[in-house]
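The values are calculated or read from the model by the stated rules, or taken from the named source; none is laboratory data. In this text the structure is predicted, and so the values were computed from the model without any measurement. Methodologically, a virtual Cβ is constructed for each residue, glycine included, from the backbone with ideal geometry; neighbour enumeration extends over all protein chains shown.
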Amino acid sequence: MNGKISVGMDISQLAHKGGVSTYTDRLSLELSKIKDLEMNYFYSSLRSPYKGKLKNVKKYKLPPTLFELLFNKWRNVPIEKFIGNIDIFHSSDWTQPPTKARKITTYHDVVPLKYPKWSHSKIVKVHKRRLKLVEKEIDQVIAVSESTKKDLLEVSSIPEEKITVIYEGPTGNFKSQSPEKIQEFKKKYKLPDSYLLAIGGIGDRRNLNRIKSASRDHNLVIAGQSLPWLDISELELLYSSATALIYCSLYEGFGLPILDAFSVGCPVITSDISSMPEVGGEAVLYADPLDINDIKNKIDLLINDFDLRNEMIKRGLKRVKEFSWEKNVEQTLEVYRNLLK
């Protein structure tokens with residue numbers, strides 16, 4: 001195809017925190033650097049105005065629930081009315097607007113579809129309604145892991161040939177921090193000299209009750225609970241300050257915290273299920289997330305075996321190099337181009 005590819009992308013998830021927001025932020029930024037693309041971004045949030053540096057962002061101060069009804073239910077207004085004519089539209093995980101363009105979407109996980117008990121009934125309803133549109137209209141799906149692809153095949157009728165797995169990269173360009181900065185960070189948030197780090201979340205998916213029980217002999221800090229959700233500027237300090245990341249979730253679509261911990265030399269204990277083995281490889285200690293004693297034993301092993309800890313740090317630093325946003329955007333661009341052949 002001659003000339004630039006005009007791509008529309010929903011970046012409304014930037015109004016929130018978490019893995020989907022990180023994906024949206026990093027991918028949209030990298031795509032904006034591609035000379036062969038003409039990017040047009042759609043952003044809507046009632047409470048959080050767009051504060052980024054992307055160009056060609058069409059901003060709307062309306063609630064996501066209104067656009068969900070407009071795009072997923074009523075479907076009488078195409079996305080072109082908001083961002084202009086495009087060749088491809090890359091949708092978020094919330095709405096699937098009508099469009100004349102080729103359609104691509106990213107699935108980060110299928111929690112509301114596979115584990116509805118972990119989600120609010122309204123969210124489950126939205127995702128079910130959107131899935132019907134994806135099954136009927138979508139040209140290509142990006143799944144962030146083989147595990148998510150497998151789950152998507154189980155809960156939908158999307159053909160396997162329409163699903164492409166593209167891994168994410170770390171949240172930021174994190175590096176190990178100096179002892180002085182770590183000490184200042186701990187003082188600022190009144191953190192103990194040594195602590196295990198866990199990641200909070202809504203519902204039972206993050207398995208926090210079992211993690212708390214397994215960590216009862218140690219200081220446990222839970223991001224989002226023990227301390228507030230931190231901006232990206234302080235995340236590398238959070239991981240750098242921790243003795244280990246205990247990420248024994250019951251389900252993850254990808255598992256960005258594993259890569260973030262690797263980046264700064266923080267060893268990881270994670271679950272032996274879902275997408276986590278894909279990300280962790282041979283650089284983590286695996287535990288059965290349903291077995292408190294197994295999690296506890298892995299924590300004790302990591303803390304007491306100095307040589308093992310150092311080996312895991314080395315493996316993590318090596319493993320994280322296999323994941324990058326440069327690789328992600330290169331593969332995403334290939335999907336775009338293939339759609340227009």
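The table below lists the values:
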item	result
Test result for Pro112, in the same structural domain as Ala143 (by TED's automatic domain parsing), in contact with a Phe, Trp or Tyr (Cβ under 7 Å, 6 or more places away or on another chain) and buried (at least 17 other Cβ atoms within 10 Å of the Cβ)	no
Single residue of Ser271, Ser233 found to be among the polar types (S, T, N, Q), under 20 Å from the mean Cα position of the chain (by Cα) and at pLDDT below 95	Ser233
Qualifying residue in the stretch 220-236 (condition: of a type in the set (Gly, Ala, Ser), within 15 Å of Ala261 (Cβ to Cβ) and surrounded by 15 or more Cβ atoms within 10 Å (Cβ to Cβ))	yes
Positions within the stretch 291-341 being outside any helix (DSSP H, G or I) and closer than 21 Å to Gln140 by Cβ, in sequence order	Leu340, Lys341
Residues of the stretch 313-326 satisfying the condition of being surrounded by 15 or more Cβ atoms within 10 Å (Cβ to Cβ) and either out of contact with any Ser or Thr (no Cβ under 7 Å at 6 or more places or on another chain) or among the acidic types (Asp, Glu) (or both)	Ile313, Arg315, Gly316, Leu317, Arg319, Phe323, Ser324, Trp325
